[in-house]
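Inspection log for the structure reproduced underneath, given as structure tokens.
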Amino acid sequence: KAGVTQTPRYLIKTRGQQVTLSCSPISGHRSVSWYQQTPGQGLQFLFEYFSETQRNKGNFPGRFSGRQFSNSRSEMNVSTLELGDSALYLCASSLDRANQPQHFGDGTRLSIL
Amino acid sequence: GENVEQHPSTLSVQEGDSAVIKCTYSDSASNYFPWYKQELGKGPQLIIDIRSNVGEKKDQRIAVTLNKTAKHFSLHITETQPEDSAVYFCAARAGSYQLTFGKGTKLSVIP
């Protein structure tokens, strides 16, 4: 069974640009969560989608947004990129929201110049 | 919101010895506690998890214990091997809310 797939693996952008990251969950998983990982802050929750609806949101500015499609694939978008947005962005999927294990992809490494 | 503290931040052990990583959580409503292992260049991999109705769970060389009263849980790795070297994260979740992670423990197993 294929795991969580994130594309692209690496991305380099400049300040002010916007970026879209993609996540394909494990087949049959309907919940997708996004996390930002940095050396200083660790793993921080961005948002969670279930059945195309955002069910939970972390403490990130409105520049961070996401969506989920009917096939459970998800995208996240960051607009007006700042240097501090440089991070590893991780996607995790699970069968549903209630106490099911989350399985992570290998992430997208975003570098802002 | 939930706060998870993880200790130690770094841990070095000799191959064959045991390693213990401890976490505390703040929200008494938390009822699901997974542990993840992250290797360089990879995403976190779920290695074991425990729910609040269980005090201990074991899977081969890995075990997790949970003390709900004290609000802490621990990861125990026995007979450590060089391939156990990685960063380990604990996490806690209350119901269907998001996972809150500890800051991680870098485990080095010295051959």
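Structure summary
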read-out: Stokes-Einstein D for segment A:48-87, Kirkwood Rh over Cα pairs, 10 °C, 1.306 mPa s (µm²/s); value: 142
read-out: Cross-link pairs beyond the 29 Å C-alpha cut-off, checked among A:57/B:57; A:1/B:22; A:13/B:22; B:58/B:103; value: A:57/B:57; A:1/B:22; A:13/B:22
read-out: Residue B:26 versus residue B:46: modelled label distance in nm, points set 7 Å from Cα along the beta carbon direction; value: 2.6
read-out: Extension gain, residue A:113 back to residue A:11 (0.36 nm per residue minus Cα-Cα distance, nm); value: 35.6 nm
read-out: Interchain or long-range residues, amide H under 5 Å from residue B:17's placed H; value: B:80
read-out: Mean Cβ count within 10 Å, highest first, over the residues of peptides A:83-89, A:14-20; value: A:83-89, A:14-20
read-out: Space enclosed by the convex hull of the alpha-carbon atoms of segment A:1-58, per residue, Å³; value: 120
read-out: Relative frequency of Cα-Cα separations exceeding 21 Å in chain B, percent; value: 30
read-out: All-pairs Cα distance distribution in chain A, expressed in whole percent, bin size 5 Å; value: 2, 13, 24, 26, 19, 10, 4, 1
read-out: Whole-Å semi-axes of the ellipsoid equivalent to the protein assembly as shown (Cα gyration tensor, √5λ, descending); value: 29, 20, 16
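No lab work stands behind these numbers, since they all come straight from the coordinates. These numbers were taken from a predicted model, which means no experiment stands behind them. Heads up, the Cβs are rebuilt from the backbone with ideal geometry, glycines too, and the neighbour counts pull from every protein chain shown.
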